[in-house]
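For reference, the structure is listed below as structure tokens.
The values are calculated or read from the model by the stated rules, or taken from the named source; none is laboratory data. All values derive from a computational prediction rather than experimental measurement. Counting neighbours? That spans all protein chains shown, and the Cβs are built from the backbone with ideal geometry, glycine included.
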Amino acid sequence: MRSIFIMGSSGRVGYELTKHYLSKQYLVIAQCFSNCIKLRPLRESYENLRVLRHDFLKSGINDLLSQLKGLGQKLDAAIIIHPLFHQSKNLLSKPVKEVEKEISEVIRANLVAPLTLIYGLASLMKEGGSIMLLTDLLPYRGLNIYPTLKPSLIQLASSAALQAVISEAPKEMPEGIKYFGVAAGWLSVHGLREKDLKAITDTVPLGRAGTIDELANLLDFLIEEAPHYLTGSIIRFSGGL
């Protein structure tokens, strides 16, 4: 049985991808923390799901990797989903010391942690396995694609992680592993507002958001079919943006 680790399985995108790989008969190791209860229906429906409850902000990456090793399962694939940690609202209205602390946490969570996690996951992968970092297209190369949203610190940090980690991984990491970044634009998930739908129509050449099925098909290709020479690529999943 193929195995996959999904970081952020209780989020809107992560949940759908977890369900997708369970239906494909992967052994899915699903990381979550504050919203693990959301995965309960999947635990009741699938025997090939392992839920790994872990707060890496408190317990650290090494503890997460130790738990993964303890499962005794070499991985065929790993998907790391951003955002991992949000900044507070009205950040700049806080005292300077609090602002400094929170900015440090956001950068550690969304830039340092993905880099560290990818390095650690490489030792747990099967030969030919794939590690993918899935993040938002918004700050990627300075694009202003969401008129209804403002770039946040978390998005800027995750974009930096996408560029730094994925582009450099093939130079530093084991040769038998493939590394990919997926910079996603609008996705059709629950919670889109009316002004978001108008922004999609106005800005996306295809005139619609991407579907989870389309995203899953892309990830399936990267995991199961993509040639090794594609490693280090950052793919824009954006409807032509």
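Glu47 falls short on exactly one of the conditions (1) modelled with pLDDT of 95 or more; (2) under 20 Å from the mean Cα position of the chain (by Cα); (3) not in a helix (DSSP H, G or I), and that condition is (2). So, in the range 1-12, of the ones that are surrounded by 20 or more Cβ atoms within 10 Å (Cβ to Cβ) and aliphatic (A, V, I, L, M), which residue ends up farthest from Arg40 (Cα to Cα)? Applying the filter and picking the extreme gives Ile4.
The set of residues in the range 191-222 being farther than 16 Å from Asp136 by Cβ and either of a type in the set (S, T, N, Q) or touching an Asp or Glu at 6+ places or on another chain (Cβ under 7 Å) (or both) consists of Thr201, Thr211, Asn217. Among the numbered criteria (1) surrounded by 18 or more Cβ atoms within 10 Å (Cβ to Cβ); (2) touching a helix residue (DSSP H, G or I) at 6+ places or on another chain (Cβ under 6 Å), which single criterion is violated by Arg53? The failed condition is (1).
Among residues belonging to the range 13-44 that are part of a loop (DSSP other than H, G, I, E, B) and touching a strand residue (DSSP E or B) at 6+ places or on another chain (Cβ under 7 Å), point out the one that is surrounded by the fewest Cβ atoms within 10 Å (Cβ to Cβ).
Phe33
Taking the listed residues Ile212, Ile223, the one that is closer than 17 Å to Gly14 by Cα, surrounded by 15 or more Cβ atoms within 10 Å (Cβ to Cβ) and touching a helix residue (DSSP H, G or I) at 6+ places or on another chain (Cβ under 7 Å) is Ile212, with no other qualifying. The single condition among (1) surrounded by fewer than 14 Cβ atoms within 10 Å (Cβ to Cβ); (2) at negative phi; (3) assigned to a loop (DSSP other than H, G, I, E, B) that Val189 does not satisfy is (1). Filtered by the rule that a residue be in contact with a Phe, Trp or Tyr (Cβ under 7 Å, 6 or more places away or on another chain) and not in a helix (DSSP H, G or I), the range 210-225 gives a lone residue, Gly210. Is it the case that Ile118 is closer than 30 Å to Asn48 by Cα, of a type in the set (Val, Ile, Thr) and either at pLDDT 60 or above or in a helix (DSSP H, G or I) (or both)? When the stated conditions are applied, Ile118 passes them.
Among the residues of the range 1-42, what is the count of those that are of a type in the set (Lys, Arg) and under 21 Å from Asp76 (Cβ atoms)?
Total meeting the criteria: 3.
Among the residues of the range 96-114 satisfying the criterion of being buried (at least 18 other Cβ atoms within 10 Å of the Cβ) and of a type in the set (A, V, I, L, M, F, W, C), which is modelled with the highest pLDDT? Filtering first and then ranking leaves Ala113.
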